[in-house]
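Undergrad: Have a look at this one.
The values are calculated or read from the model by the stated rules, or taken from the named source; none is laboratory data. Just so you know, these numbers come straight off a predicted model, no measurement behind them. Cβ placement follows ideal geometry from the backbone for every residue including glycine, while neighbour counts extend to all protein chains displayed. For accessibility, only protein heavy atoms count, side chains too; no ligands or nucleic acids. Shrake-Rupley method; radii C 1.70, N 1.55, O 1.52, S 1.80 Å.
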Amino acid sequence: FRGDTCYYESMHRMRCKDGTYKWILDRGKVIEWHGPGRPARMIGTHSDISHVKQTELELREANAYLSGIFASAEDVAIIVARPDGRIALFNRGAEHLLGYSAAEVVGRMTPLAFHDPGEVAAWGERLTQYTGKPLAGFRVFQVGIEKGMHRSERWTFVRKDGERRKVQLTLSKIFDESGQDLGYLGVAIDMTDYLRAMEAREQNDHLLQDLTTNVPGVIYQYLSRPDGTASFPYVSDGIWDVFEITAEEAHQDATNALRRIHIDDAATVQASIDRSRTNLVPWICEFRVVLPQHGIRWLRGESTPRRAEDGSTYWHGYISDITQMKTLEFQLREQATMDPLTGAFNRRHLETHWQREMARFRRQGLAFAMIMLDIDHFKRVNDSHGHNVGDEVLVRLGRLLRHEVRSTDVVYRLGGEEFLILCEDTDLGGARRLAELLRDQLRQHPMPFPDRVTASF
């Protein structure tokens, strides 16, 4: 994390479910940073190298007669060199990896024939500085093993046909039962295809990141587990714009994002997720979030679910900010149902509200009342004072009505000087009392001319 090395690498044992242990080669790399010294995302692999470690331990304890066992291994290259460097054992895995037959190399070559000369020279310079003595050739391996610096390193092997292969090479000394030095053991695992796959994956990750950087909203993968926990295994950088949380917070726990949902919409969103998970139908939902910096925002999400073998459910989709669209929608809806002059609702809104009140009356038997009124002699006002003054009278009347009725009552302008009030849970007596109150208030209400304005209810 300090940046001293390009990769993180460790070999250690891990306990399996059945209680046994496996040797693991753990290797990873930071691919995304919040800033200097602040890693954001790391990718890596756990490779089972138990068979390599087991082979290494057996070779250290066994005698020269175990070469037949080494020769039978085909997936691992095992090379044994005598103390003078000449190869004594070259198994099938080595033949497959390097393209030479055992007959071509045993007793005739040293491991230097397969190593990249530049890497050997670089290690020689490093060991020369470490020991203070000039080192080259096979002595680089001998001293490196003796100093414990070549136990397991990444090397480049050059095949007989010139192809270069990246290997994880473990080096050690071999002793017989009496402690006599028999030479050196090298166990190599071909990592070339694995490294190419990792490089391709990194490139794909970078490509995906580049493609999603300029996409409005967030592209995501959402995971819901059978135990009720959930997370976002993948989110694009837009997660901050949508939920004002970091990608790391989303990876850890989906609750970090879900807690931003407006309390009035939380149950609806959860119900839509449950319905999508149960029926494996697309999830489509519009909801509000409350963000620390930008307050209330409207979001729209769409994704497609997929069931995993362990019972988990994955969704792949996107969430975008639709606040501007919603604001325009509300404005259009208001324009369609509101009288622009008086601020009262219009006939279109009355049709919907009337049907709802009738259904409520039929279902629950709750009474409601309607008060209709129109201004007396309104034509005389327009003729005497002009239409602008007449409009001001309508505005003041609408404001008076909305102020005096309850919050559950609705004021409508039916047209011209005609108004209507729909009163919930109100019988005839209650409506009559309200009408008397409004008539008295209107008679005393100031108007833009000295005369009083009255209305018939």
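Undergrad: Might you let me know whether segment 296-305 holds any residue that is closer than 30 Å to Val453 by Cβ and charged (D, E, K, R)? Please lay out each step first, then the result.
TA: So in segment 296-305, the residues closer than 30 Å to Val453 by Cβ come out as none.
Within segment 296-305 (the criterion being closer than 30 Å to Val453 by Cβ and charged (D, E, K, R)), the answer is no, since none of the residues qualifies.
Undergrad: Identify all residues within segment 295-313 that are open to solvent by less than 60 Å² (accessible area, probe 1.4 Å), touching a residue at least 12 places away in the same chain (Cβ under 8 Å) and more than 13 Å from Ser272 (Cβ to Cβ); write none if there are none. Write out each step before concluding.
TA: We begin by selecting, within segment 295-313, every residue open to solvent by less than 60 Å² (accessible area, probe 1.4 Å); these are 295, 298-299, 301-303, 305, 308, 311-313.
The next check asks that each one be touching a residue at least 12 places away in the same chain (Cβ under 8 Å); those that pass are 298-299, 301-303, 305, 311-313.
Passing the criteria: Trp298, Gly311, Ser312, Thr313.
Undergrad: Quick check on segment 102-127: of everything there that is of a type outside the set (Ser, Thr, Tyr), closer than 16 Å to Pro83 by Cα and open to solvent by 30 Å² or more (accessible area, probe 1.4 Å), which residue is modelled with the lowest pLDDT?
TA: Leu112
Undergrad: In addition: Among the numbered criteria (1) surrounded by fewer than 21 Cβ atoms within 10 Å (Cβ to Cβ); (2) closer than 26 Å to Leu25 by Cα; (3) touching a strand residue (DSSP E or B) at 6+ places or on another chain (Cβ under 8 Å), which one does Arg82 miss?
TA: Looking at each condition in turn, Arg82 falls short on (2).
Undergrad: Right, another one. Taking the residues in segment 136-173 that are under 42 Å from the mean Cα position of the chain (by Cα) and in a loop (DSSP other than H, G, I, E, B) as candidates, determine which candidate is modelled with the lowest pLDDT.
TA: Among those that are under 42 Å from the mean Cα position of the chain (by Cα) and in a loop (DSSP other than H, G, I, E, B), it is His150.
Undergrad: Arg360 - would you say it is free of Cβ contacts under 8 Å to residues at least 40 places away in the same chain, under 20 Å from Thr337 (Cβ atoms) and charged (D, E, K, R)?
TA: Details: free of Cβ contacts under 8 Å to residues at least 40 places away in the same chain: yes; under 20 Å from Thr337 (Cβ atoms): yes; charged (D, E, K, R): yes.
Yes.
Undergrad: For segment 247-292, give me the residue count where each residue is open to solvent by less than 60 Å² (accessible area, probe 1.4 Å) and touching a residue at least 40 places away in the same chain (Cβ under 8 Å).
TA: Counting residues in segment 247-292 that are open to solvent by less than 60 Å² (accessible area, probe 1.4 Å) and touching a residue at least 40 places away in the same chain (Cβ under 8 Å) gives 4.
Condition check ((1) modelled with pLDDT of 95 or more; (2) of a type in the set (D, E, K, R); (3) open to solvent by 80 Å² or more (accessible area, probe 1.4 Å)) across all residues:
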position: Val410; (1), (2), (3): no, no, no
position: Gly416; (1), (2), (3): no, no, no
position: Thr426; (1), (2), (3): no, no, no
position: Leu437; (1), (2), (3): no, no, no
position: Asp440; (1), (2), (3): no, yes, no
position: Arg443; (1), (2), (3): no, yes, yes
position: Phe449; (1), (2), (3): no, no, no
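Undergrad: Taking segment 404-431, which residues are over 49 Å from the mean Cα position of the chain (by Cα) and of a type in the set (Phe, Trp, Tyr)?
TA: Across segment 404-431, the qualifying residue is only Phe419.
Undergrad: Something else now. What's the number of the only condition in (1) open to solvent by less than 60 Å² (accessible area, probe 1.4 Å); (2) farther than 18 Å from Tyr100 by Cβ; (3) not acidic (Asp, Glu) that Arg151 fails to meet?
TA: Tallying (1) open to solvent by less than 60 Å² (accessible area, probe 1.4 Å); (2) farther than 18 Å from Tyr100 by Cβ; (3) not acidic (Asp, Glu), Arg151 fails exactly one: (1).
Undergrad: Ok, one more. Collect the residues in segment 351-403 that are within 58 Å of the chain's Cα centre (by Cα) and not in a helix (DSSP H, G or I), keeping them in residue-number order.
TA: Gly365, Leu366, Ala367, Phe368, Ala369, Met370, Ile371, Met372
Undergrad: For segment 128-135, indicate whether the set of residues that are under 24 Å from Arg159 (Cα atoms), surrounded by 14 or more Cβ atoms within 10 Å (Cβ to Cβ) and modelled with pLDDT under 90 is non-empty.
TA: Within segment 128-135, the first condition is being under 24 Å from Arg159 (Cα atoms), and the residues that meet it are none.
Within segment 128-135 (the criterion being under 24 Å from Arg159 (Cα atoms), surrounded by 14 or more Cβ atoms within 10 Å (Cβ to Cβ) and modelled with pLDDT under 90), the answer is no, since none of the residues qualifies.
Undergrad: Oh, and also: Collect the residues in segment 404-457 that are part of a loop (DSSP other than H, G, I, E, B), farther than 30 Å from Arg362 by Cα and of a type in the set (A, V, I, L, M, F, W, C), keeping them in residue-number order. Walk me through it before giving the result.
TA: Here is the first cut: in segment 404-457, the ones part of a loop (DSSP other than H, G, I, E, B) are 405-409, 416-417, 425-427, 445-454, 457.
This time we only want the ones that are farther than 30 Å from Arg362 by Cα, so: 416-417, 445-454.
Across segment 404-457, the qualifying residues are Met447, Phe449, Val453.
Undergrad: Same structure, new question: Taking into account only those residues within segment 187-204 that are acidic (Asp, Glu) and at pLDDT 80 or above, which is least open to solvent (accessible area, probe 1.4 Å)? Break it down into steps so the answer makes sense when it comes.
TA: First pass over segment 187-204, keeping only residues acidic (Asp, Glu): 190, 193, 199, 202.
Within this subset, residues satisfying the condition of being at pLDDT 80 or above are 190, 193.
Numbers: Asp190: 59, Asp193: 97 Å².
That would be Asp190.
Undergrad: Something else about it: Being under 30 Å from Asp227 (Cβ atoms), more than 19 Å from the chain's Cα centre (by Cα) and of a type in the set (Lys, Arg) narrows it down to one of Arg275, Arg347, Arg306, so name that one.
TA: Details: Arg347 fails: under 30 Å from Asp227 (Cβ atoms); Arg306 fails: more than 19 Å from the chain's Cα centre (by Cα).
The match here is Arg275.
Undergrad: With respect to Ser456, is the statement that it is among the hydroxyl-bearing types (Ser, Thr, Tyr), surrounded by 12 or more Cβ atoms within 10 Å (Cβ to Cβ) and farther than 26 Å from Arg356 by Cα true? Quick ask: steps written out before the conclusion?
TA: Numbers: among the hydroxyl-bearing types (Ser, Thr, Tyr): yes; surrounded by 12 or more Cβ atoms within 10 Å (Cβ to Cβ): no; farther than 26 Å from Arg356 by Cα: yes.
So Ser456 does not fit the description; no.
Undergrad: Kindly evaluate Phe175 against the criterion of being among the hydrophobic types (A, V, I, L, M, F, W, C) and open to solvent by 60 Å² or more (accessible area, probe 1.4 Å).
TA: yes
Undergrad: Hey, Glu357 hits all of (1) open to solvent by 40 Å² or more (accessible area, probe 1.4 Å); (2) touching a Phe, Trp or Tyr at 6+ places or on another chain (Cβ under 8 Å); (3) over 17 Å from Asp451 (Cα atoms) but one; which does it fall short on?
TA: (1)
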